[in-house]
Amino acid sequence: MKLARLFKHLGTPGWLAWRRFRAADREAIRAAVAASERSHRGELRFVAEGPLPLGALLKGHTARRRAAELFKRLGVGNTREATGILIYVQLVDRHVEILADHGIDTRVDQVEWETICRELELAFSEGAYRRGVLEAIDRATRLLALHFPARPGDNINELDDRPTLF
């Protein structure tokens, strides 16, 4: 465990994610996820987190490991076609992870998700939080619509479209 990282997280207020994503931003993200899911059979979840919980810090969890925990806790891996996607933003470490369920992993290369992550991190470094997330959702939508197009009458919404902030 690196002490600098520990103190950085402990010294960051818990409301950081709420400050970066105001009510209008959260509504725009929700609407973008809802619109996205009408064009494909995937299920998107967006999560932004300020400081990591103390337990995760003491265990030295990376953003990827924390994303994997939330993927499971939020049920992203429980969709009927295994087409859940988690876009996870760790604000203190300034790192983005996209986790795709195994149904998507067989068709979409990890390089695609990594590219979206780095573009999102770049937008965040410019202070463009809302724009960055909306562009990431748009890129994910295009990939999912290509590989998992919507089927009329069989495109139920399995996960909450609202962003989750910790």
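Of all the residues in segment 118-128, those that are assigned to a loop (DSSP other than H, G, I, E, B) and either surrounded by 14 or more Cβ atoms within 10 Å (Cβ to Cβ) or touching a strand residue (DSSP E or B) at 6+ places or on another chain (Cβ under 9 Å) (or both) number 1.
Among the residues of segment 63-71, are any of a type in the set (Phe, Trp, Tyr) and more than 19 Å from Asp25 (Cα to Cα)? Yes, some residue in segment 63-71 is of a type in the set (Phe, Trp, Tyr) and more than 19 Å from Asp25 (Cα to Cα).
Beta carbons closer than 6 Å, at least 6 apart along the sequence or on distinct chains, pair a first residue in segment 1-14 that is hydroxyl-bearing (Ser, Thr, Tyr) with a second that is part of a loop (DSSP other than H, G, I, E, B) and surrounded by 10 or more Cβ atoms within 10 Å (Cβ to Cβ) for Thr12/Gly50; Thr12/Pro51; Thr12/Val92.
For the residues Phe21, Phe71, the requirement of being touching a strand residue (DSSP E or B) at 6+ places or on another chain (Cβ under 8 Å), aromatic (Phe, Trp, Tyr) and closer than 20 Å to Ser125 by Cα singles out Phe21. The residues listed here are Ala31, Ala63, Ala17; of these, the one that is touching a His at 6+ places or on another chain (Cβ under 8 Å) and under 25 Å from Glu135 (Cβ atoms) is Ala63.
Residues being under 30 Å from Leu3 (Cα atoms) and outside any loop (DSSP other than H, G, I, E, B) are represented in segment 143-166 by at least one member. Screening Ala150 against (1) farther than 20 Å from Ala32 by Cβ; (2) surrounded by fewer than 18 Cβ atoms within 10 Å (Cβ to Cβ); (3) of a type in the set (A, V, I, L, M); (4) in contact with a Lys or Arg (Cβ under 7 Å, 6 or more places away or on another chain) leaves a single unmet condition, (1). The residue pairs whose first member lies in segment 104-131 and is within 20 Å of His147 (Cα to Cα) and free of Cβ contacts under 8 Å to residues at least 40 places away in the same chain, whose second member is among the hydrophobic types (A, V, I, L, M, F, W, C) and assigned to a helix (DSSP H, G or I), and whose beta carbons are closer than 7 Å, counting only pairs six or more residues apart or on different chains, are Val108/Leu143; Glu112/Leu143; Ile116/Ala136; Ile116/Ala140.
We did not get these values from a lab; they are worked out from the coordinates using the rules stated. This is a predicted model, so every value here is computed, not measured. All Cβ positions, even for glycine, are placed from backbone atoms using ideal geometry, and neighbour counts span all protein chains on display.
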